[in-house]
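Here the structure is laid out as structure tokens; the discussion comes afterwards.
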Amino acid sequence: MTSPGVSGAASVLAELRAGRVTSSQLVEEYLARIDALDGELRAFVTVTRDEARARAAEADAEQERGGSLGPLHGLPIALKDNIATAGIRTTMGSTFFADYVPDEDAPVWRRLSEAGAVLLGKTQLHEFAYGATTQNPHHGACRNPWDTERTPGGSSGGSGAATGAGLCAVALGTDTGGSVRIPASLNGVSGIRPTLGRVSNTGVFHITWSFDTVGPLARSLADLAATFDVMAGYDGADVMSINRQAASLVDALGRDPTGIRVGVPRSVFFDDIDADIGAAVRAAADELAAAGLSVEPVDVPGAEDAVESCTHVIWSEATAIHAERLENNPDGFGADVRRRLMFGYDVSGPEYARCVEHGRRWRRTLEQLFESVDVILSPMNGVVAPLADSEMIETTAKLTRFTYGWSLAGLPALSVPCGLSTGGLPIGLQLTAAPWQDAQLMSVAAAYQDRTGWHDGLPPLLEQ
């Protein structure tokens, strides 16, 4: 059940450009794999079969004529189901939007489509993207392809499961406090949260106004980088968007990383974590040192307080966004999301203001830290993928221990596979950089993957 999209982490785009596979062939292979596996994984809410086949045929015909639809010509992609797609249902994982069909594409999808990408469908998410387990009571409980008794993480769990199980080449997720990075880590693929303001949020349903962004997940760093370069860019309709040029992630793949300064936190990020995770992440640091990068221990003061501040801002803003729905139809929410939304009412105005001010001071702390290092290396999670029936709010807190702080500061962060637990579950390495240094992360990730093979691993479902 392997193809160019899942045979190791080879670039699907490279296969397409070389003519070793056509877009139509890839689409049929992905659709066949969806038919075979998605009944168990439930990674998709909607599969756009007819649209994908028609678009792939267009791409192949254009290639035969010697033309190209763009830099993502024929690449099969899936989108998290809170990203607007014109004429295609976009549910937000909820009952409130069960039949909602947008009139316009979100700019992130419009840019990918104009670059030649092929839409395979819309992926499962935790209801309103407000939880890290993706056990959705309305559209089905999404499962992890490495162990279907476990969660794929969230809230972009469908995008993580779909890329991990080879149901698409690339999937978009959204990341407020870790919702791209966590599913990437738990499903054995790579995923990036961009610098806040680098990617448009227009047409994407919010959890918060302060932290939300969109990022891609993929098995191949080359496909991840190419997708990111296309989707990034200024959007005047998005009040969080920043009009600033930044380095290409594709160009960063071939950059010599020698001398890049990597800081490994002395504490907090390695406290109370699974032994397998600690060993794998420290081994990754050793590999980077062997590759010529400068690796040194650093202190990250205030990291624990940053998690608390980010938590309270998320609670407060999420509740504000859903206040009318909570008042008029509270039973329309799943029980876990409704209970979590109620936490926002307990965050007072002064407390919210204190957390926002703490975020400013935290950003200044990190600015000073990034004067001495270029990238911070840490575990993505302190635990491997939890069981699917784990309590959502507690599990979300466990999975976001090492992600919320970077979100509070608006920093770019990238998750790459760095090992397997003794139970055979993926372990993720998190790389974080200063604002607008997203390409720095890609250089370090590529240097690591050039020396290791963890990104080539396949889940048991694909080895059958």
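Being within 30 Å of R261 (Cβ to Cβ) and touching a Cys at 6+ places or on another chain (Cβ under 7 Å) narrows it down to one residue among S309, S372; which is it?
On inspection, the qualifying residue turns out to be S309.
Given (1) part of a helix (DSSP H, G or I); (2) buried (at least 16 other Cβ atoms within 10 Å of the Cβ), where does L377 come up short, assuming only one miss?
That leaves (1) as the condition not met.
Yes or no, residue by residue, for (1) touching an Asp or Glu at 6+ places or on another chain (Cβ under 6 Å); (2) hydrophobic (A, V, I, L, M, F, W, C):
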| residue | (1), (2) |
| --- | --- |
| A218 | no, yes |
| M231 | no, yes |
| A237 | no, yes |
| N243 | no, no |
| S248 | yes, no |
| D251 | no, no |
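Check T46, T90 and return the single one that is closer than 27 Å to I207 by Cβ, in contact with a Pro (Cβ under 6 Å, 6 or more places away or on another chain) and either polar (S, T, N, Q) or not in a loop (DSSP other than H, G, I, E, B) (or both).
Unique residue meeting the criteria: T90.
Which of the residues spanning the range 106-136 are part of a loop (DSSP other than H, G, I, E, B) and in contact with a helix residue (DSSP H, G or I) (Cβ under 7 Å, 6 or more places away or on another chain)?
Residues satisfying the conditions are A115, G116, Q124, L125, H126, Y130, G131, A132, T133, T134.
Can you pull out the residues in the range 233-268 that are over 24 Å from A306 (Cβ atoms), touching a residue at least 60 places away in the same chain (Cβ under 8 Å) and not in a loop (DSSP other than H, G, I, E, B)?
Scanning the range 233-268 gives L249, D251, A252, L253.
Sort through T202, T174 and tell me the only one that's in a strand (DSSP E or B), at pLDDT 95 or above and in contact with a helix residue (DSSP H, G or I) (Cβ under 7 Å, 6 or more places away or on another chain).
Answer to the check: T174.
Regarding the range 21-34, can at least one residue be identified that is outside any helix (DSSP H, G or I) and either crowded, with 16+ Cβ neighbours inside 10 Å or at pLDDT 95 or above (or both)?
yes
So is R282 touching a residue at least 12 places away in the same chain (Cβ under 8 Å) and in a loop (DSSP other than H, G, I, E, B) or not?
no
Name the one entry in D60, D38 that is among the acidic types (D, E), assigned to a helix (DSSP H, G or I) and under 21 Å from the mean Cα position of the chain (by Cα).
D38
State which residue is surrounded by the fewest Cβ atoms within 10 Å (Cβ to Cβ) when the search covers only the range 398-410 and only residues that are more than 14 Å from the chain's Cα centre (by Cα) and either closer than 16 Å to S241 by Cα or without any contact (Cβ under 8 Å) to a residue 24 or more places away in the chain (or both).
So, considering only residues that are more than 14 Å from the chain's Cα centre (by Cα) and either closer than 16 Å to S241 by Cα or without any contact (Cβ under 8 Å) to a residue 24 or more places away in the chain (or both), the one surrounded by the fewest Cβ atoms within 10 Å (Cβ to Cβ) is K398.
Give the range 130-166 a look and list any residue that's more than 23 Å from E317 (Cα to Cα), crowded, with 24+ Cβ neighbours inside 10 Å and hydroxyl-bearing (S, T, Y), or say none.
Listed by number, the residues that qualify are T151, S159, T163.
Among residues belonging to the range 91-119 that are without any contact (Cβ under 8 Å) to a residue 40 or more places away in the chain and within 21 Å of the chain's Cα centre (by Cα), point out the one that is surrounded by the most Cβ atoms within 10 Å (Cβ to Cβ).
Step by step, filter the range 91-119, then rank; the result is S113.
Just to be sure I understand, how many residues within the range 288-298 are outside any helix (DSSP H, G or I) and more than 19 Å from R401 (Cα to Cα)?
Total satisfying the criteria: 7.
What's the total number of residues in the range 205-231 that are farther than 21 Å from I182 by Cα and either outside any helix (DSSP H, G or I) or acidic (D, E) (or both)?
The total comes to 1.
For A184, which of the numbered conditions (1) surrounded by fewer than 24 Cβ atoms within 10 Å (Cβ to Cβ); (2) within 9 Å of the chain's Cα centre (by Cα) fails to hold?
(1)
Among the candidates V337, V356, single out the residue that is among the aliphatic types (A, V, I, L, M) and out of contact with any Gly (no Cβ under 9 Å at 6 or more places or on another chain).
V356
Could you pull out the residue among A232, A285, A226 that is among the aliphatic types (A, V, I, L, M), out of contact with any Pro (no Cβ under 9 Å at 6 or more places or on another chain) and more than 30 Å from R338 (Cα to Cα)?
Among A232, A285, A226, only A285 is among the aliphatic types (A, V, I, L, M), out of contact with any Pro (no Cβ under 9 Å at 6 or more places or on another chain) and more than 30 Å from R338 (Cα to Cα).
Determine which single condition D271 fails, assuming it passes every other condition in (1) modelled with pLDDT under 95; (2) part of a loop (DSSP other than H, G, I, E, B).
(1)
Can you pull out every residue in the range 248-283 that is among the small types (G, A, S), within 16 Å of D374 (Cβ to Cβ) and crowded, with 16+ Cβ neighbours inside 10 Å?
A252, G263
For E317, state whether it is touching a residue at least 40 places away in the same chain (Cβ under 8 Å), among the charged types (D, E, K, R) and surrounded by 21 or more Cβ atoms within 10 Å (Cβ to Cβ).
So E317 fits the description; yes.
The values are calculated or read from the model by the stated rules, or taken from the named source; none is laboratory data. Since the model is a prediction, treat every value here as computed from it, not as a measurement. Note that we place each Cβ from the backbone using ideal geometry, even for glycine, and neighbour counts take in every protein chain shown.
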